[in-house]
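Working notes, structure below.
The values are calculated or read from the model by the stated rules, or taken from the named source; none is laboratory data. Because the structure is a prediction, the values reported are computed rather than measured. Because the Cβ atoms are built from the backbone with ideal geometry, glycine has one as well, and the counts that use them run over all protein chains shown.
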Amino acid sequence: MKLSCLQENLKRGLAIVGHAVAGKSTLPVLSNILLATDDGRLKLAATNLEIGITCWIGAKIEEDGAVTIPAKLLSDVVGGLPNDKISLQLDPRTPTVAIKCARYDS
């Protein structure tokens, strides 16, 4: 998966779906947010098994894919980046996601 989007759009989308993230759960995946490419857009989804929230944001998709990332970690990283274009890249060989924004890498 490889894509780019605006920081403010991703931050707003994460805030929306973050309302459905389980605070404490015996299933760790319920503390994650799904990022998936969907018809030229980035799909963000979360559930706590009682409610589920899905949000789509505009993105430039270079490679399709999907990944789940801990909601708190992703929200903190994206919230700390400047209001600029963000690039996300999932390395298919390792379970890592590279996030780049302006001069910042994480």
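Restricting the search to segment 7-39, which residues are over 12 Å from the mean Cα position of the chain (by Cα) and outside any loop (DSSP other than H, G, I, E, B)? Please lay out each step first, then the result.
Going through segment 7-39, the residues over 12 Å from the mean Cα position of the chain (by Cα) turn out to be 8, 19-31, 38-39.
Matches in segment 7-39: E8, H19, A20, P28, V29, L30, S31, D38.
Here is a list of conditions, (1) touching a Leu at 6+ places or on another chain (Cβ under 7 Å); (2) crowded, with 16+ Cβ neighbours inside 10 Å; (3) modelled with pLDDT of 95 or more; (4) assigned to a strand (DSSP E or B), and I99 meets all of them except one; can you say which number that is?
The failed condition is (3).
When you check D91 against the structure, is it free of Cβ contacts under 8 Å to residues at least 40 places away in the same chain and among the acidic types (D, E), yes or no? Step through it out loud before you land on a result.
Details: free of Cβ contacts under 8 Å to residues at least 40 places away in the same chain: yes; among the acidic types (D, E): yes.
In short, yes.
Find the residue count for segment 59-93, including only residues that are assigned to a strand (DSSP E or B) and either within 11 Å of the chain's Cα centre (by Cα) or surrounded by 12 or more Cβ atoms within 10 Å (Cβ to Cβ) (or both). Even if it seems obvious, please write down each step before you answer.
First pass over segment 59-93, keeping only residues assigned to a strand (DSSP E or B): 60-63, 66-70, 85-91.
Pick out the ones that are also either within 11 Å of the chain's Cα centre (by Cα) or surrounded by 12 or more Cβ atoms within 10 Å (Cβ to Cβ) (or both) and you get 60-62, 66-70, 85-90.
Residues flagged as assigned to a strand (DSSP E or B) and either within 11 Å of the chain's Cα centre (by Cα) or surrounded by 12 or more Cβ atoms within 10 Å (Cβ to Cβ) (or both) within segment 59-93 amount to 14.
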